[in-house]
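Some notes on the structure that comes next.
Every number here is computed from the coordinates shown, using simple stated rules; none is lab data. Since this is a predicted model, take the numbers as computed values, not measurements. Neighbour counts are summed over all protein chains in view; Cβ atoms, including those assigned to glycine, are modelled from backbone coordinates with ideal geometry.
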Amino acid sequence: MRLFTLLPLVLLVFMNSPKPIHEFPVPPITHKTLFYIHRSVNSNTVLYEVNLVSDKTIDPKNPVSVYWLRYAEKGQKRDLNMLERNFAYGVKCIPAGHGKYTMQFVASKTRQVEILMDHKGQATAIMDISGRSSRLTKIFVQVAEDGWWPKVDYVEFFGEDVRTKEATYEKMKV
């Protein structure tokens, strides 16, 4: 009898609990995948991949491709539009020598990412996450749509420590 009394209360609590914010589809990961971005507004995902030349090295003329996987629609691939490319998700890459590139996000010049192909032939994005050199795997952006132009509340970085392989995480208020 006690179970039946508590069950409605438990159900009410779980029904009103906020949904975990990171329940989004994971895009297909290939040897060219660097990382991806999920946003709070919908399941559409921004994917970052290296462009390779025939000898499996990063293309010096166009090192990184950035595009949408439109999961909220039919899952189709779509290029970034001009505003997205120049103000939100676009990147600039600068050669750093030995087949590596330094990548900057157009939206934040303070965070840099080192792009390279590792010894296994996997595209890799290395950045500082909570003070630890980490392989960046995904980013989550919490968006507040409080008007004409969306504003970012915070950004979460997820990765793996390059030395210890432990998970790394950092939340950055914007």
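So if I place +1 on the C-beta of Lys and Arg and -1 on the C-beta of Asp and Glu, and nothing else carries charge, what would the dipole magnitude of segment 21-173 be about its Cα centre? I want it in debye, nearest 20.
Working: 22 positive and 18 negative charges, 55 e Å.
That gives a dipole near 260 debye.
Only helical runs count toward this figure. For the chain, summing -39,500 (n - 2.57) over DSSP H runs of n ≥ 4 and dividing by all residues gives -3000 deg cm²/dmol at 222 nm.
How high is the relative contact order of segment 21-173, given as a whole-number percent (alpha carbon pairs under 8 Å, six or more residues apart)?
Values: 329 pairs, mean separation 26.9, N = 153.
Over segment 21-173, the number comes to 18 percent.
Counting only GluC sites (Glu not before Pro) that sit in a DSSP loop (anything but H, G, I, E, B) with at most 15 other Cβ atoms within 10 Å, what is the longest stretch of the chain containing none of them?
Values: sites that count: Glu23, Glu73, Glu145, Glu166.
No qualifying site falls inside 74-144, the longest such stretch.
Between helix 2-16 and the chain there is an angle of about 40 degrees, using the helix long axis and the longest principal axis of the Cα atoms. Extending 7 Å from Cα along the Cβ direction at Lys165 and again at Lys77 yields two label points whose distance is 3.1 nm.
Relative contact order for segment 99-174 using alpha-carbon pairs under 8 Å, separation at least 6, rounded to a whole percent?
On the way: 145 pairs, mean separation 15.3, N = 76.
Relative contact order for segment 99-174 comes out at 20 percent.
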